[in-house]
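Read through the structure below, which is laid out as structure tokens, and then see the notes.
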Amino acid sequence: KNQVEQSPQSLIILEGKNCTLQCNYTVSPFSNLRWYKQDTGRGPVSLTIMTFSENTKSNGRYTATLDADTKQSSLHITASQLSDSASYICVVRATAYNAGNNRKLIWGLGTSLAVNP
Amino acid sequence: NAGVTQTPKFRVLKTGQSMTLLCAQDMNHEYMYWYRQDPGMGLRLIHYSVGEGTTAKGEVPDGYNVSRLKKQNFLLGLESAAPSQTSVYFCASSYGRSTSYEQYFGPGTRLTVT
């Protein structure tokens, strides 16, 4: 069964500190992996999209890594800010194998990050 | 650009009532989607559309209907609301079918069915 598991479920860090969020998946065949940030009461916002051949991708203070062999990804946040407080969701897309491409986006439950002053 | 907008933001329905959620996007995107988000579950796709006049079922389509009469609008209808449909509903859009195209989400509609 295609699954996406994220850890930790929640995390509290102090402003200015770094943190790393984990995503393990069993989705096959794999197309790409996405990280989204979802602020409370808002819709998800895309941070990165990584394909099979990409190992690392950065977006400002956010750096995502992907190991397609071990089916693991991480999201590293550098020098955290209060505005980083949000849920971070890992989403894995399987390759299209039938009509309805978008039935194959498998969403994780997210890691809830709180950045305290 | 407003991006993706949703109306209403909040709604309380009684069991058996009907309602329509409206999603609008001003990015000229071909694809539009409706998701629901529930505690302890990842986002689940309800219905989607690959272009004006077309719709298709997602993972959890039962109890919902959709229409895409105009490219910029995607409507989600509940004909007879049930408490199990209490959820936060998100609309999203994307440029096309390439797997690299990201989805842009609206702010959500929080629906409670009593």
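The values are calculated or read from the model by the stated rules, or taken from the named source; none is laboratory data. Because the structure is a prediction, the values reported are computed rather than measured. A quick note on method: Cβ atoms are made from the backbone with ideal geometry, for glycine too, and the neighbour counts reach across all protein chains shown.
Scanning region B:32-78 for residues that are basic (Lys, Arg) and under 10 Å from the mean Cα position of the chain (by Cα) turns up just one, B:ARG36. For the condition within 10 Å of chain A (Cβ to nearest Cβ) and more than 13 Å from the chain's Cα centre (by Cα), B:TYR95 does not qualify.
Restricting A:SER58, A:SER31 to residues that are more than 14 Å from chain B (Cβ to nearest Cβ), on the phi < 0 side of the Ramachandran plot and of a type in the set (Ser, Thr, Tyr) narrows the list to A:SER58.
Being closer than 23 Å to B:TYR101 by Cα and buried (at least 20 other Cβ atoms within 10 Å of the Cβ) narrows it down to one residue among A:PRO44, A:PRO29; which is it? Before you say what the answer is, go through the steps one by one.
Values: A:PRO29 fails: buried (at least 20 other Cβ atoms within 10 Å of the Cβ).
Going through A:PRO44, A:PRO29 in turn, the sole match is A:PRO44.
Where strands (runs of 3 or more DSSP E) fall entirely within region A:4-58, those with at least 1 residues that are among the basic types (Lys, Arg) and in contact with a Leu (Cβ under 7 Å, 6 or more places away or on another chain) are at A:30-38.
Scanning region A:1-22 for residues that are within 12 Å of another protein chain (Cβ to nearest Cβ) and crowded, with 18+ Cβ neighbours inside 10 Å gives A:VAL4, A:GLN6.
Please verify whether A:ARG93 is more than 30 Å from A:ASN116 (Cα to Cα), within 14 Å of another protein chain (Cβ to nearest Cβ) and among the basic types (Lys, Arg), treating the condition exactly as stated. Reasoning before the result, please.
Details: more than 30 Å from A:ASN116 (Cα to Cα): yes; within 14 Å of another protein chain (Cβ to nearest Cβ): yes; among the basic types (Lys, Arg): yes.
So A:ARG93 fits the description; yes.
Being out of contact with any Pro (no Cβ under 7 Å at 6 or more places or on another chain), surrounded by 14 or more Cβ atoms within 10 Å (Cβ to Cβ) and acidic (Asp, Glu), is that true of even one residue in region B:98-105? For region B:98-105, residues out of contact with any Pro (no Cβ under 7 Å at 6 or more places or on another chain), surrounded by 14 or more Cβ atoms within 10 Å (Cβ to Cβ) and acidic (Asp, Glu): present.
For region A:44-57, what are the residues that are at pLDDT below 95 and either among the small types (Gly, Ala, Ser) or more than 22 Å from A:ASN18 (Cβ to Cβ) (or both)? Of everything in region A:44-57, those that are at pLDDT below 95 and either among the small types (Gly, Ala, Ser) or more than 22 Å from A:ASN18 (Cβ to Cβ) (or both) turn out to be A:SER46, A:ILE49, A:THR51, A:PHE52, A:SER53. When the residues of region B:66-99 are filtered to those that are in contact with an Asp or Glu (Cβ under 9 Å, 6 or more places away or on another chain) and small (Gly, Ala, Ser), the one that is modelled with the highest pLDDT is B:SER87.
Among the residues of region A:58-72, the one identified as among the hydrophobic types (A, V, I, L, M, F, W, C) and over 21 Å from A:ASN18 (Cα atoms) is A:ALA68.
For residues in region A:68-101 being assigned to a helix (DSSP H, G or I) and more than 18 Å from A:GLY43 (Cα to Cα), which is modelled with the highest pLDDT? The residue in question is A:LEU82.
Among the residues of region B:48-66, those that are over 18 Å from B:ALA82 (Cα atoms), more than 9 Å from every other protein chain (Cβ to nearest Cβ) and buried (at least 16 other Cβ atoms within 10 Å of the Cβ) comprise B:SER49, B:THR55.
Across region B:35-49, the number of residues qualifying as aliphatic (A, V, I, L, M) and at pLDDT below 90 comes to 1.
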